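Contents: one structure, followed by commentary.
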Amino acid sequence: MGELTFAGIDGIVILTVFALIMLVIGYYSGRGEKNIHESLSGYYLAGGNLGIIALFFTLFATQYSGNTIVGYAPAAYRTGFSWLQSISFMTIIIGVYLLFAPRLYVIAKKRGFVTPTDWLQHRFNSKGVTLVAIFLMLWGLGNYLLEQLVAIGQAVSGMTGGTIPYQAAVIVFVFVMLAYEWMGGMKAVAFTDVMQGIVLLIGIIAFVAGGVYLAGGSFGSITQFIAENEPAKIAVPSSETNINWFSMLVLVGLGASIYPHAVQRIYAAKSEKTLKKSFARMAWMPLLTTGLVFLVGIIGIKLFPGLEGDASEQLVGLMANKIAAINPFFYWIMIIFFGGIVAAIVSTADSVLLSFSSLISNDVYGKFIKPSASEHRKVMVGKIIGIFAIFGLLWIAWNPPGTLYDIFVLKFELLVQLFPAFVLGLYWKRLSSTPVFWGMVIGAIAAGILTLTGHKTVVGIHGGVIGLAINFIICVGGSFLTTSSAKKNPVLEEDMNAVYIKA
Amino acid sequence: MNKEVKEPIRKKWIWIGLFIIVLGNVPWYFTDSMVEPYILGVPFWGFFILVFSVILCAYLSWICLSQWKIVEDEEEGNK
């Protein structure tokens with residue numbers, strides 16, 4: 001992010017106000033609700049009682065982080081119109097939810113699930129599957145959290161023109177986040193998401209308005225400029241780009257929908273009606289977020305031509321400086337916008353941390369170390385280990401990697417390997433635990449090796465998608481060769497049949 | 001028992017429809033010359049992709065609201 005010379009002390013004031021609002025919301029979410037700290041479902045799922053407004057905004061603010069702006073605008077700037085794919089791959093996530101969320105919601109409510117692992121344990125009853133799943137999820141969440149920590153620091157120090165140094169910025173916001181999360185759990189996370197999501201939306205819309213104004217007022221003049229100077233960014237995409245586009249749809253669609261914190265939002269919904277209404281609204285949000293961010297990147301091609309690599313990553317900061325210089329109104333809007341970016345990053349980080357802690361509480365501690373412990377104690381263990389994990393990751397974050405987008409794809413490669421177990425397991429009774437285990441392990445290793453050896457994509461197809469294909473083949477082929485696991489378990493069979501019997 | 005249970009996974013047409021929209025949403029079917037004419041300042045192929053993106057949003061939003069109803073009546077009845 002660029003040095004935002006325009007902000008400085010005003011930026012600090014806005015950030016302080018935002019931080020205080022978050023703390024107040026956290027305090028009121030936790031106050032008077034003794035249940036929050038005494039039960040896993042109370043702390044991690046807000047008692048499974050989130051209404052439409054909180055659920056929609058927590059889905060929104062969790063899915064769209066500050067990176068969606070800070071990382072995607074430069075991506076649009078570098079690749080041009082083929083970055084229109086960012087609208088489709090964020091929308092397709094809802095399509096993938098429709099594959100499994102309706103039934104998972106019913107079973108999760110009936111059996112009182114807290115984490116995604118609860119479903120896998122219920123379905124496969126296999127230590128191997130449970131452990132590999134926990135490992136992949138903790139890895140994915142840890143990586144995601146790390147990315148948010150890096151981004152918070154860059155955004156804040158950029159916004160305050162370096163007045164607040166990178167490290168101090170991260171520490172302050174991490175403490176704010178830990179404090180409200182400690183007080184209110186999922187309820188605090190969801191309620192702060194309402195405020196964080198609204199600020200972000202207002203900011204993006206104002207940003208695009210300012211950008212179009214600066215670039216001459218008409219979108220046609222921008223594309224004309226691109227056609228004359230950088231025709232490749234406007235050309236019909238090559239067939240490799242198109243294959244990559246399809247691959248992105250598969251990778252992001254399948255990967256993002258089974259993010260542990262995303263799945264937990266299905267569990268936390270108050271009712272089916274609330275859940276489907278929230279998803280129906282979410283289906284439109286890519287146009288308002290990644291769509292507008294795409295526009296920002298395209299406008300940037302005209303405003304700041306010729307930026308490459310790391311320099312292009314500064315695009316949002318550079319544009320914000322220019323927009324802020326238009327008049328005092330835009331100046332303040334830009335400061336709020338940058339506060340919004342920080343809020344969006346925090347709102348994603350808090351959800352990921354909460355999910356991370358829940359995996360520790362409910363799965364690692366609650367299933368393997370001390371299943372007999374009280375729920376209060378399990379919640380405590382998760383909270384405390386979550387804090388240790390944050391500071392461990394901070395230590396890594398002090399040396400931030402270059403391009404944000406690279407780490408974004410890396411976490412999907414491994415998480416997406418949970419998909420066959422998670423979704424195929426909902427409908428196909430024959431699917432059995434041994435092939436699922438080996439499918440996940442071999443798929444994850446294949447994806448990891450391809451990525452680490454520099455073959456992030458092969459002919460445009462992502463390593464994670466190739467690993468997933470291998471994983472699927474092992475799951476399906478292996479299940480035909482072994483006997484079914486679900487049929488021996490009457491409770492499970494009842495759950496899997498429930499929807500059919502009703503119809 | 002309630003006969004109005006709807007679960008998206010069991011309706012094939014939903015997924016065939018989604019597949020067709022996704023096919024239209026990736027620009028594999030354009031030739032290199034299809035940058036022009038510009039429509040509202042957007043290159044010809046990009047405009048089509050944008051239209052399909054809007055259709056995708058609308059389609060999924062509508063499916064959520066109209067084709068998904070498993071325990072809703074039961075839950076709302078209990079209120």
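Observations on the model:
- Subset of segment A:200-252 that is part of a loop (DSSP other than H, G, I, E, B) and aliphatic (A, V, I, L, M) - its residue that is surrounded by the most Cβ atoms within 10 Å (Cβ to Cβ): A:Ile234
- Residue match in segment B:28-43 (condition: within 9 Å of chain A (Cβ to nearest Cβ) and in a helix (DSSP H, G or I)): no
- Residue selection: B:Leu23 satisfies the criterion of being more than 7 Å from chain A (Cβ to nearest Cβ) and under 18 Å from A:Val250 (Cβ atoms).
- In segment A:77-95, the condition of being more than 12 Å from every other protein chain (Cβ to nearest Cβ), buried (at least 24 other Cβ atoms within 10 Å of the Cβ) and not in a helix (DSSP H, G or I) is met by no residue.
- Candidates in segment A:153-207 are the residues that are of a type in the set (S, T, N, Q) and closer than 30 Å to A:Leu287 by Cβ; of these, the one that is modelled with the highest pLDDT is A:Thr192.
- Residue check for A:Ile52: β-branched (Val, Ile, Thr), over 30 Å from A:Thr241 (Cβ atoms) and within 14 Å of chain B (Cβ to nearest Cβ): yes
- Restricting the first member to segment A:262-283 and to residues that are touching a residue at least 24 places away in the same chain (Cβ under 8 Å) and within 9 Å of chain B (Cβ to nearest Cβ), and the second to residues that are surrounded by fewer than 24 Cβ atoms within 10 Å (Cβ to Cβ) and basic (Lys, Arg), the beta-carbon pairs closer than 8 Å and six or more apart or on different chains are A:Glu272/B:Lys69.
- Residue in segment B:8-27 that is closer than 14 Å to A:Val236 by Cβ and either under 10 Å from the mean Cα position of the chain (by Cα) or not basic (Lys, Arg) (or both) present: yes
- Candidate set from segment B:55-68 (those that are within 7 Å of chain A (Cβ to nearest Cβ) and hydrophobic (A, V, I, L, M, F, W, C)); member that is farthest from the chain's Cα centre (by Cα): B:Trp68
- The lone criterion from (1) under 30 Å from A:Asn67 (Cα atoms); (2) part of a helix (DSSP H, G or I); (3) at pLDDT below 85 left unmet by A:Ile445 is number (3).
- Test result for A:Ala133, out of contact with any Cys (no Cβ under 9 Å at 6 or more places or on another chain) and within 29 Å of A:Trp332 (Cα to Cα): no
- Helices (runs of 4 or more DSSP H) completely within segment A:273-353 that count 3 or more residues being within 16 Å of the chain's Cα centre (by Cα): none
The values are calculated or read from the model by the stated rules, or taken from the named source; none is laboratory data. What you see is a predicted model, and the numbers here were worked out from it, not measured in a lab. Reconstructed Cβ throughout: ideal geometry from the backbone, glycine too, with neighbour counts over all protein chains shown.
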